[in-house]
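Read through the structure below, which is laid out as structure tokens, and then see the notes.
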Amino acid sequence: MTLQSYKEIASKKRLERDLKFNKKWLILEEKLPGKEVKDVLTWPVKSGYLSEKEIAITESSLVEIAEKIKSKTWTAYDVASAYCHRASIAHQLVNCLSEVFFEEGLQQAKELDEYYEATGKLKGPMHGLPISLKDNLNVKGQATTIGFVGFAFEPEKFEYDSQLVATLRDMGAVFCFKTNVPVAMMMPESINFVYGNTDNPFNRSLTSGGSSGGECALGALLGSCYCGIGSDIGGSLRIPASLQNLFTLRPSSGRFTTYGARSGLPGLESVASVNGPISTRLENLEFYCKTVVNEGKPWLHDPKCLEVPWRTVELPEKLTFAVLKHDGVVKPYPGISRGLDIVVEQLKKDGHEIIEWEPLHHKRLGDIITEFFLSDGGIHCKDYANLTGEPFFPYMEMYNTTKEKGVSELWDLHAERTKLCKEYLDKWNATAKKTSSGKPIDAILLPVSAYSGVSNGKFNYVGYTSVFNALDWAAGTVPVTRVDKDIDVNDKDYVPVTDLDKLTYEEYVPEDVDGGAISVQIVCKKLQEEKVVELMKLVSKSINTFDYWKKQ
């Protein structure tokens, strides 16, 4: 097909989406902040376009909303309407939505209200609660493009919900839209030829990250009600969450169902793609996890899910954190290093023990993950792109040029990965010789990525996250602060250790990333999701980021 054809198809799809917005909620272009306004975090509330009730709803947590619906202070329709209005404003600011189905969501909310009125019973523990969905989660009656033009109308509507969506729907959750992703969900920025690029609301000249960038850009603007679902195969939850100072949990495989979602690399088993919650508030994240696991019992519906209920974890009074400041491949931006120092110093003041963590196999494990991604020779991605003749973005060019691996070569990679993971686990256990308690560390504390905000096209390294996809360990992100161009300046005496490190160092311009987000990553071993969440709560309380969004 011709180059023009993919553009025409994409244009048709965008027009179809745009016609689904409620005109009453759209703001005239001349009334929106101009391109020179970079930070739009508080604009939805301060602009005057939301009513006091809409602000009250969207600034409440999921638990608070559930209580208000139960007491009939608010209806599910009230909540969905406020949620859609604020999401519409967010989209006009940063281009974060893909599929829009406000009418269906409002109808769903209305039916929940009618059910409650008729029976006096709530449908389930998420009755009337709005949940945002990453584009790869199929919703019955809607499309799923995952960034491919060839999927814009293929199929035009899915006939089924992904298992997670079905579970949430049965619990009473309401769905009104899905969010933008990069092509195949395999790039660190959320850009595609269908819907374009999603900007970062902290600084709109910066990327929102990928592949859950649409989710996280929306989350930063949607308020305390926000709880969205993203996915992670190399950092796709943690990277965009860190770039928008959001909480997220990257669980080990088997805790949350992934069955029935659309993938750009279907059938890839060498490294697991997982989904997890993203939110402005830890309260929402914990509520989601407990409810989906204990009430939804995903092991009854997905053969890959483990029968492991959400457990109660009590942390010891004194914890030991191993801190990784530099992985030996790419040094983090100054703001990231400062944020990590803030957390470490506060934890020390609180009486916790800090030891150093020397990186082990980070580069090799990251390289192996990439080889897994490319092991089919890029055939799936090439086939999907060839549906319309759309070209590959530079980030994706390797899928267009790589060769398919033989089975024996792939098996050798599996064996090498397992060996390196065993050595990483041994290193964790060996910390018992270094701690004052004589027990291994409780967690690793490290950057989420090297970047505290980065311009489009310059996100070149995901090693701080992908290593834990190789290990399949549990990890979470905690917001710390924001970039200050006058403080977060480059160390002129630093000597880069790799070519990529040199490129990252030279591309850093404090003025360009001013106002960007600064987060840290907390990592525990496989299937320790509950402990990660408890540690996120402890760190957040220690550095006082529980009310982070109220400070904006």
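Values computed for the structure shown
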item: Residues TYR288, TYR6, TYR115, TYR451 arranged by fewest to most Cβ contacts within 10 Å; result: TYR115, TYR6, TYR288, TYR451
item: The chain: relative contact order in percent, alpha carbon pairs under 8 Å with at least 6 residues between; result: 16 percent
item: Extended-chain gain in nm, criterion 0.36 nm per residue less alpha-carbon gap, ALA272 and LYS382; result: 37.5 nm
item: Sites THR498 and VAL63 - FRET efficiency at Förster radius 51 Å, r taken between beta-carbons, to 0.05; result: 0.65
item: Rounded to whole Å, sorted largest first: equivalent-ellipsoid semi-axes of segment 180-299, Cα gyration tensor; result: 22, 19, 10
item: Kirkwood-based shape ratio for the chain, expressed as Rg/Rh from alpha carbons; result: 0.95
item: Gyration tensor (alpha-carbon) shape descriptor, segment 380-511, a/c threshold 1.5; result: oblate
item: At R0 = 22 Å, FRET efficiency that the Cβ-Cβ distance of ASP350 and VAL313 yields, to 0.05; result: 0.75
item: Under Karplus coefficients 6.51, -1.76 and 1.60, residue-wise ³J(HN,Hα) of segment 140-156 in Hz, glycine/proline x; result: 4, x, 10, 8, 9, 8, 6, x, 8, 4, x, 9, 4, 10, 9, x, 5
item: Over the chain: helical MRE at 222 nm, DSSP H runs n ≥ 4 each giving -39500 (n - 2.57), nearest 500; result: -11500 deg cm²/dmol
item: Taking segment 11-300 and dividing mean pair separation by its residue count, relative contact order in percent (alpha carbons under 8 Å, at least six apart); result: 20 percent
item: Electrostatic dipole magnitude of segment 102-204 [Cβ: Lys, Arg +1; Asp, Glu -1; Cα centre; debye, to 20]; result: 240 debye
item: P(r) of segment 11-300 over all Cα-Cα pairs, binned every 5 Å from zero, in whole percent; result: 1, 6, 13, 18, 21, 19, 13, 7, 2, 1, 0
item: Net length gained if the chain between SER5 and ASN490 were fully extended (0.36 nm per residue, minus Cα distance); result: 170.0 nm
item: Estimated inter-spin distance, ASN22 and LEU306, nm [label 7 Å along Cα→Cβ]; result: 4.3 nm
item: Trypsin sites (Lys or Arg not before Pro) restricted to DSSP loop in segment 130-164 with at most 12 other C-beta within 10 Å; result: LYS157
item: Over segment 320-551 - Rg/Rh using Cα atoms and the Kirkwood inverse-distance radius; result: 1.00
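Quick note: the coordinates plus some simple rules give every number you see, no bench work behind them. Being a predicted model, the structure only gives us computed values, none of them experimental. All Cβ positions, glycine included, derive from the backbone under ideal geometry; neighbour counts span all protein chains shown.
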